[in-house]
1. Can you name the condition, by its number, that residue 94 falls short on among (1) out of contact with any helix residue (DSSP H, G or I) (no Cβ under 7 Å at 6 or more places or on another chain); (2) within 30 Å of residue 173 (Cα to Cα)?
2. Take residue 107 and decide whether it is modelled with pLDDT under 95 and over 23 Å from residue 41 (Cα atoms).
3. Could you pull out the residue among 179, 210, 146 that is modelled with pLDDT of 70 or more and either part of a loop (DSSP other than H, G, I, E, B) or touching a strand residue (DSSP E or B) at 6+ places or on another chain (Cβ under 6 Å) (or both)?
4. Within the range 154-176, take every residue that is of a type in the set (Val, Ile, Thr) and modelled with pLDDT of 75 or more and give me the one that is nearest to residue 66 (Cα to Cα).
5. Restricted to the range 40-71, and to residues that are touching a helix residue (DSSP H, G or I) at 6+ places or on another chain (Cβ under 7 Å) and β-branched (Val, Ile, Thr), which residue is surrounded by the most Cβ atoms within 10 Å (Cβ to Cβ)?
Amino acid sequence: MKNQWLLIGSCLLTLGALSGCSQDHEGNLALKRMEVHQEQYGEQFTSHDLTPQIINRIAADYQRNGNNGPISLMVQYDPASSQNTAMNATNHAVKIAKSLREAGVKDISTEIMPVNDVGDHSKTLVTYDRFSAHAPTGCDGMMPGLDNTRTDWKAVKDYQFGCSVETTIAKQIARPKDLLGTDGFDGVSDGRRASNIIDQYRTGIPNEKLEGQRATEE
């Protein structure tokens with residue numbers, strides 16, 4: 001019996017000591033949400049290879065992801081070439097800019113630039129600023145094990161739960177710049193207007209009678 005009481009006393013002392021310790025510890029949840037980055041798109045083409053299909057692709061990406069700045073076209077020519085001349089580069093710039101405008105792009109800047117040893121074929125560099133959606137900083141990718149049938153439990157221990165979801169959603173955002181919100185809604189919003197309508201029902205104030213519309217004067 002004495003030993004039992006000693007055992008019970010030891011357990012109570014142990015529980016008391018544990019209750020004085022903090023139970024808080026760092027979790028493994030990803031607390032940050034996906035991010036929107038502004039970056040510069042740049043791609044170089046042989047000028048005569050800029051087909052309508054490629055131009056339409058560039059225009060569609062610019063209209064969906066661009067930051068409302070201009071598309072810049074820099075067309076190169078070779079001063080030593082008898083074919084790739086400044087006039088040839090100017091014609092390419094005019095033609096490409098026209099095709100982009102027909103595809104819906106309004107703001108376009110063009111320039112031609114001499115480049116030694118570029119050869120007889122003109123090159124066009126297309127650049128513009130665009131937005132893109134990314135997983136939160138600190139998320140290193142998908143949850144270990146999702147890419148195969150074997151789970152690496154050691155890697156899972158340090159994984160931030162939620163990163164896979166944020167990474168997957170970021171890849172599916174059609175217009176990343178929409179995540180930044182829209183200017184011009186600092187005043188009365190649609191939510192406030194809806195609340196005003198509901199408040200009338202709550203207070204019992206009747207709405208004004210709506211006048212009907214007629215197709216004819218008869």
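The values are calculated or read from the model by the stated rules, or taken from the named source; none is laboratory data. Keep in mind it's a predicted model, so treat the numbers as computed, not measured. Note that we place each Cβ from the backbone using ideal geometry, even for glycine, and neighbour counts take in every protein chain shown.
1. The number of the failed condition is (2).
2. No; evaluated as a whole, the condition is false for this residue.
3. After applying the criteria, what remains is 179.
4. Residue satisfying both the conditions and the ranking: 173.
5. It comes out as 71.
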